[in-house]
Structures are given as structure tokens and as C-alpha cells.
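**Student:** Take this structure first; my questions come after.
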Amino acid sequence: MKIPHDFGLAGHSDADVAIHALVDAILGAIGEGDIGQHFPPSDAQWRGAPSSLFLRHAARLAAEKGYAIGNVDVTIICEAPKIGPHRAAMQDTVADLLGIAPDAVNIKATTTERLGFAGRGEGIAAQAVAALRRY
């Protein structure tokens, strides 16, 4: 989802760092590498692609390998925009994409207290954890 702000993010796909981190967490949990192996930025077909496509792909691979997604947790690291007002909508969106309950999705944010590239407002980062269980 887009969050209104004076600045935007630039990336090969849609630059949704939160979803990208979650894709990597799921792929890592099932031993399937990372997002760049599945959707290489050197491949023009992924330019501008929606991150929802990547997340659905990771969830489908997990299911094919016999895993169900239990809970996911995403930490967005930025000074701005404020994530709190958008948290519930983000949780609902991720839950819908993964086919899990919204209460199994946690979205939170933190700042770097103005340190580093995120603190200077030059970009944002995200970390994610996914708990999977075998069928």
C-alpha cells in the first residue's frame, strides 16, 4: 500500500521494503534463497512489479513444500513517514496476501534516532521474521 509522503522510494520493482523483507523471511525459512534469486533485478520483466506478486509467490512455494505460515512480524526502520496510522491497514493487506488472520501479522516501526542513511531520511529499511509450521 502507498503511504502519502513528500518523498517516495525508488527501486527496481515497487520498492516496498517491508514486503521484500517478508518475502526474504519466508523464502529463507523454507530454504529457497532470497527475493533476488526468484526475481532478479537484472531481469526487466520485474521492473515496477508489485511486491504483492513476490509475497504470493513465496507463500505458494511454502505451501508446495508443505509449510503453513503461522505468524509474521515486520519492523520498518525509518524516521518518516509515521507507520502507526497505517498499521492496521498494512496488517490487513499482508494477512490477505498470505491467506492468514490479521492477528497473525505484526507490523511495527522504529527509528534510528537520526543516525545513518535512514536517520538522514535517505531511505528506509525493514526486517522480518516468519514462523512456519509443517502440515
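The values are calculated or read from the model by the stated rules, or taken from the named source; none is laboratory data. This is a predicted model, so every value here is computed, not measured. In this analysis, Cβ positions are derived from the backbone assuming ideal geometry, glycine residues included, and neighbour counts consider all displayed protein chains. When the accessible area is computed, the model is the full protein with side chains, heavy atoms only, and any ligands, DNA or RNA have been set aside. Shrake-Rupley method; radii C 1.70, N 1.55, O 1.52, S 1.80 Å.
**Student:** From the residues in the range 81-135 that are in a strand (DSSP E or B) and small (Gly, Ala, Ser), which one is nearest to residue 28 (Cα to Cα)?
**Tutor:** Filtering the range 81-135 for residues that are in a strand (DSSP E or B) and small (Gly, Ala, Ser), the one nearest to residue 28 (Cα to Cα) comes out as 130.
**Student:** If you don't mind, there's one more thing I want to ask. Looking only at the range 51-80, count how many residues are over 16 Å from the mean Cα position of the chain (by Cα), more than 25 Å from residue 37 (Cβ to Cβ) and either surrounded by 15 or more Cβ atoms within 10 Å (Cβ to Cβ) or hydroxyl-bearing (Ser, Thr, Tyr) (or both).
**Tutor:** 1
**Student:** Out of the residues in the range 92-135 that are open to solvent by 90 Å² or more (accessible area, probe 1.4 Å) and within 18 Å of residue 58 (Cα to Cα), state the one that is nearest to the chain's Cα centre (by Cα).
**Tutor:** 127
**Student:** Which pairs turn up if I take residues in the range 114-135 that are touching a residue at least 60 places away in the same chain (Cβ under 8 Å) and look for partners that are hydroxyl-bearing (Ser, Thr, Tyr) and surrounded by 16 or more Cβ atoms within 10 Å (Cβ to Cβ) with beta carbon separation below 8 Å, at least 6 apart in sequence or on another chain?
**Tutor:** As it stands, the answer is 126/75; 127/75; 128/75; 132/67; 133/67; 134/67; 135/67, since those pairs meet every condition given.
**Student:** Inside the range 19-50, can you point out the residues that are touching a helix residue (DSSP H, G or I) at 6+ places or on another chain (Cβ under 8 Å), open to solvent by 30 Å² or more (accessible area, probe 1.4 Å), assigned to a loop (DSSP other than H, G, I, E, B) and not small (Gly, Ala, Ser)?
**Tutor:** 32, 34, 40
**Student:** Output yes when any residue across the range 29-47 is under 14 Å from the mean Cα position of the chain (by Cα) and of a type in the set (Val, Ile, Thr), and no when none is.
**Tutor:** yes
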